[in-house]
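Here the structure comes first, spelled out in structure tokens, and everything after it is commentary.
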Amino acid sequence: MSPAKKAPAPTHAHSPQIGRIARLLRLDPAEVQGLDGVPDEDLRTLHDQISKTLFGDAQHQFARVAGLSRTIPGPLAGLLAEKFLPPVMAARTSEMLDPAKARDLIGRVSVNYLAEIALALDPVRSRPVVQQLPPEPIGRVAKELFGRKEYATMAEFVGTVTVEALVAALNVATPHDLLAVVPLLEWNDNLDAVIADLSHRQVIEIASSLTALELADLAMALDPSRMGPIVAAVPVDTVAEIAAALFERGEYAGMARFVDVVTPEMLHAALGVATEADLLAVVPLLGWSEQIDEVVDTLPDETLDGLFAEIALGANWAAARTALERLSATAQRRLFERFDRLSPGNQETIRAAADAGQLGPAASALMAGTSA
Amino acid sequence: MRPDANLETVLGSPPPATVSALPVDVRDRLAAQVATAKQQQRVDMEASIKVAIAGVPFAVRGIVKKALLG
């Protein structure tokens, strides 16, 4: 196995919720200190309390500004808003706009201004208005926000926008944008539909422009069923690199989820880079199938020797028993036919464990056929 | 930081229990930040209104003024 450089899982310097609070207070997230251990749900509540404190008294003024948009012509309203209404206040006003007026105004202000407003919008309060907006300008704003790497804020709006707007937004995402935003997303049916329906162009881009380590990060952030089309586009050699990275991180459970969406060639490539300790850890987690049997049955003899030695040296009999019971009869027989190749000490350990029933009935039966 | 800064007072309602359980210096700093932001928001709002009224074309100034100031 080629040594893979350990890739850290994607991390974010600040919680998205702390970022929202900071934005509300017009501070840098680093200036909002001491809230790191507070659950997201409570940070949302705190955000709303702060928002009410800041803007509650001015609600009537925002309502008047929103009402003003009905009185003066659209082109002038857009011009005045961008020139005189700071984005945070425009956001509060937007939440009170008549949806038809919002649809008109969104085309009359700059994308930069809209992006600033989007950053200050409340995803819940703005939903009735945002849902009425056409997807095209939302796609343009999304492009601007992706460019600014405002992933956390964008993730907040997954439940706010329509499917069409979500498609427009994710269509302008680069593979690296997706890599950054996906771990932050709260999944819903809309998102499932959009990810499952990513354009062929995007799928190919993701599979070809992300490194193996980045694809490994994406794989751990996505449900395998959602990752399916991307997996299918990944070359087998890259699968081996992804597997090596994930084995090194000990992401056994995360990897095991993918067994149903990879091809036999991919499975072979992935198990081919596993150490004996990796095999012992991951095999008990795999949902078993004939496909896995076929791959395991063709593991090289040296791997089986190493696996047997690992079982003896690790002395984790519960894991060893599960792994051995999961192997096909062919693989079990092949393994125990190589019992004599173990060192005398390891033979003694395995025999004692089998005699004590710690390796399961199949192992005990096969041990009976080995020379004492 | 104002010596009387208190998060619950500034917010007008008790914060979530996990926030109330934070060290007092964290809560007081946050309270001061909220109070400062509120003051700034008032100043900005007043400034925006003044600039908007002064800056809009004369033909619509009356409408804008009435809408913003009541």
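The values are calculated or read from the model by the stated rules, or taken from the named source; none is laboratory data. Since the structure is predicted, the reported quantities are computational estimates derived from the model, not experimental observations. Here the Cβ is made from the backbone with ideal geometry for all residues, glycine too, and neighbour counts use every protein chain on show. We work out accessible area using only protein heavy atoms, side chains counted, and drop any ligands, DNA or RNA first. Shrake-Rupley method; radii C 1.70, N 1.55, O 1.52, S 1.80 Å.
Sorted from largest down, give the three principal axis spans of the alpha carbons of region A:190-334, whole angstrom values.
On the principal axes, region A:190-334 reaches 48, 25, 23 Å in Cα extent.
Please tell me the relative contact order of chain B in percent, rounded to the nearest whole number, where contacts are Cα pairs under 8 Å and at least six residues apart.
With pairs under 8 Å counted, the relative contact order is 26 percent.
Using 1/(1 + (r/R0)^6) with R0 = 60 angstrom and r between the beta carbons of A:R338 and A:D48, what's the FRET efficiency to the nearest 0.05?
On the way: r = 64 Å, r/R0 = 1.07.
That pair, A:R338 with A:D48, gives E of 0.40.
Can you run the Rg to Rh ratio on region A:160-242? Use alpha carbon positions and the Kirkwood inverse-distance Rh.
Working: Rg = 12.2 Å, Rh = 12.9 Å.
My calculation puts Rg/Rh at 0.94.
Evaluate peptide B:33-41: per residue, the Cβ atoms of other protein chains within 10 Å of its Cβ; return the mean as an integer. Could the numbers behind the result be given before it?
Values: counts 10, 8, 1, 3, 8, 8, 1, 3, 12.
Per residue, the average neighbour count from other chains is 6.
Which one of A:G360, A:W187, B:V64 is farthest out on the positive end of the charge dipole of the protein assembly as shown, using unit charges on Cβ (Lys, Arg +1; Asp, Glu -1) and the Cα centre as origin?
The one lying farthest along the dipole's positive direction is B:V64.
Between A:D197 and A:A365, what is 0.36 nm times their sequence separation minus the Cα-Cα distance? Round to one decimal in nm. Working shown, then result.
Values: separation 168, 0.36 × 168 = 60.48 nm, distance 5.06 nm.
Full extension of this stretch gives 55.4 nm more.
What is the interface area between chains A and B, defined as buried accessible area summed over both chains with a 1.4 Å probe, reported in Å² to the nearest 100? Write out the running numbers ahead of the final one.
Details: alone 18020 and 5400 Å², together 20580 Å².
That pair hides around 2800 Å² of surface in total.
So how strong a dipole does chain A carry about its Cα centre when Lys and Arg Cβ are +1 and Asp and Glu Cβ are -1, to the nearest 20 debye?
Details: 31 positive and 49 negative charges, 331 e Å.
Magnitude of the dipole: close to 1600 debye.
Ignoring ligands, DNA and RNA, what accessible area per residue does the protein assembly as shown give at 1.4 Å, in Å²? Show your work: numbers first, answer last.
Working: 20580 Å² over 442 residues.
Accessible surface, normalised per residue, equals 47 Å².
Between the chain alone and the structure with every protein chain in place, find the residues of region A:81-101 that drop at least 50 Å² of accessible area; heavy atoms, 1.4 Å probe.
A:F84, A:M89
For chain B, restrict the atom set to alpha-carbon positions and state the Rg and Dmax in Å.
18.4, 56
Which semi-axes, in whole Å and largest first, does the equivalent ellipsoid of the protein assembly as shown have when worked out from the alpha carbon gyration tensor as the square roots of 5 times its eigenvalues? Spell out each step's value before the answer.
Details: eigenvalues 725, 129, 43 Å².
Equivalent ellipsoid of the protein assembly as shown: 60, 25, 15 Å, largest first.
Expressed as a whole percentage, what fraction of the accessible surface of chain A belongs to carbon and sulfur atoms when a 1.4 Å probe is rolled over the protein heavy atoms?
Numbers: 9010 of 16590 Å².
On chain A, the fraction of accessible area on carbon and sulfur atoms equals 54 percent.
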